[in-house]
1. Give the number of residues within the range 189-235 that are open to solvent by 30 Å² or more (accessible area, probe 1.4 Å), closer than 28 Å to Asp282 by Cβ and of a type in the set (Gly, Ala, Ser).
2. Against the definition (more than 19 Å from Ile114 (Cα to Cα) and either under 18 Å from the mean Cα position of the chain (by Cα) or open to solvent by less than 60 Å² (accessible area, probe 1.4 Å) (or both)), how does Arg186 come out, yes or no?
3. Out of (1) closer than 22 Å to Leu112 by Cα; (2) in a helix (DSSP H, G or I), the odd one out for Tyr196 is which?
4. List pairs: first in the range 161-186 and without any contact (Cβ under 8 Å) to a residue 12 or more places away in the chain, second open to solvent by 50 Å² or more (accessible area, probe 1.4 Å), Cβ under 7 Å, 6+ apart or cross-chain?
5. Output the number of residues of the range 249-272 satisfying the condition of being basic (Lys, Arg), closer than 24 Å to Lys107 by Cβ and either surrounded by fewer than 16 Cβ atoms within 10 Å (Cβ to Cβ) or modelled with pLDDT of 95 or more (or both).
6. Need pairs with beta-carbon distance below 6 Å; first residue closer than 20 Å to Gly122 by Cα and within the range 68-94, second at pLDDT below 75 and hydroxyl-bearing (Ser, Thr, Tyr); sequence gap 6+ or separate chains.
7. Take Gly206 and decide whether it is touching a His at 6+ places or on another chain (Cβ under 8 Å) and either without any contact (Cβ under 8 Å) to a residue 24 or more places away in the chain or part of a helix (DSSP H, G or I) (or both).
8. Return a yes/no flag: does the range 219-228 have any residue that is under 21 Å from Gly99 (Cβ atoms) and part of a helix (DSSP H, G or I).
Amino acid sequence: MAAVDDLQFEEFGGTATSLAANPDATTISIEDPHETPKHQPGPLRGSGREEDDELLGNDDSDKTELLAGQKKSSPFWTFEYYQTFFDVDTYQVFDRIKGSLLPIPGKNFVRLYIRSNPDLYGPFWICATLVFAIAISGNLSNFLIHLGEKTYHYVPEFRKVSIAATIIYAYAWLVPLALWGFLMWRNSKVMNIVSYSFLEIVCVYGYSLFIYIPTAILWIIPQKAVRWILVMIALGISGSVLAMTFWPAVREDNRRIALATIVTIVLLHMLLSVGCLAYFFDAPEMDHLPTTTATPNQTVAAAKSS
């Protein structure tokens, strides 16, 4: 019975002392189930950086998206490499077009629509459609302005197609290239700036031009006031998409540089829209003088009189 007497509950008050003597010992903590667990304080983060992570995404989210899609990069000289840029379905294109027409304040266009699968299919065909919309509408506008004039003979101006293609595609590729280079340069100067890839910037610019397709068609209306109202509406919608997309990427930079970057983006966009309206639709009218052709009888009479 001596063994039974040894089985007694004892309180071990020297737990801290035992752990100090043997730090590798395994301990089990039994807590009251009714006790609310205490949250350990985590590292504090600024509200600005939290908003940046929500809008732009951090490296972990980008890696997760890439691993989820299991995208494999092919060599750039292969057809498969360029095929990935056009791997997009109709629903995604329509969703991105809708996002460019209805910008949501506080939402980033790249993070919301582009980053999961950037493409060139939408921007390419939007630019191509805009080129023909501007060229055809410009010809029709010129025809309607001079309709009814006896001295006016309509001649299709096919050169407007090539001029519009040069302007639109140069803007949709060269401006994103310059902006991408600038963001990469500022990223090397200011380490906490989150930059976009070149393909993402091309997508933003390409889809932001969609609003000008119906605008160019409505520019056929031969009223300058209506045309300028339409261009201001289109500029406000597309310009807000660009400003809200690129402001989170530069706002951590120097205040003057950030504001100058956004102002430059908007001014270049304004120059494109106003330039297209002025050149293709509001070009100065030429005086159509009547062309007189001398008949053979008039020529013989003039010779005899001389």
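The values are calculated or read from the model by the stated rules, or taken from the named source; none is laboratory data. None of these values were measured; they are calculated from a predicted model. In this analysis, Cβ positions are derived from the backbone assuming ideal geometry, glycine residues included, and neighbour counts consider all displayed protein chains. Surface areas here come from the heavy atoms of the whole protein model, side chains and all, with no ligands, DNA or RNA. Shrake-Rupley method; radii C 1.70, N 1.55, O 1.52, S 1.80 Å.
1. The total comes to 1.
2. yes
3. Checking Tyr196 against (1) closer than 22 Å to Leu112 by Cα; (2) in a helix (DSSP H, G or I), the one that fails is (2).
4. none
5. Count: 1.
6. Hits for this filter: Glu80/Ser74; Tyr81/Ser74.
7. It is false that Gly206 is touching a His at 6+ places or on another chain (Cβ under 8 Å) and either without any contact (Cβ under 8 Å) to a residue 24 or more places away in the chain or part of a helix (DSSP H, G or I) (or both).
8. No, the range 219-228 has no match at all.
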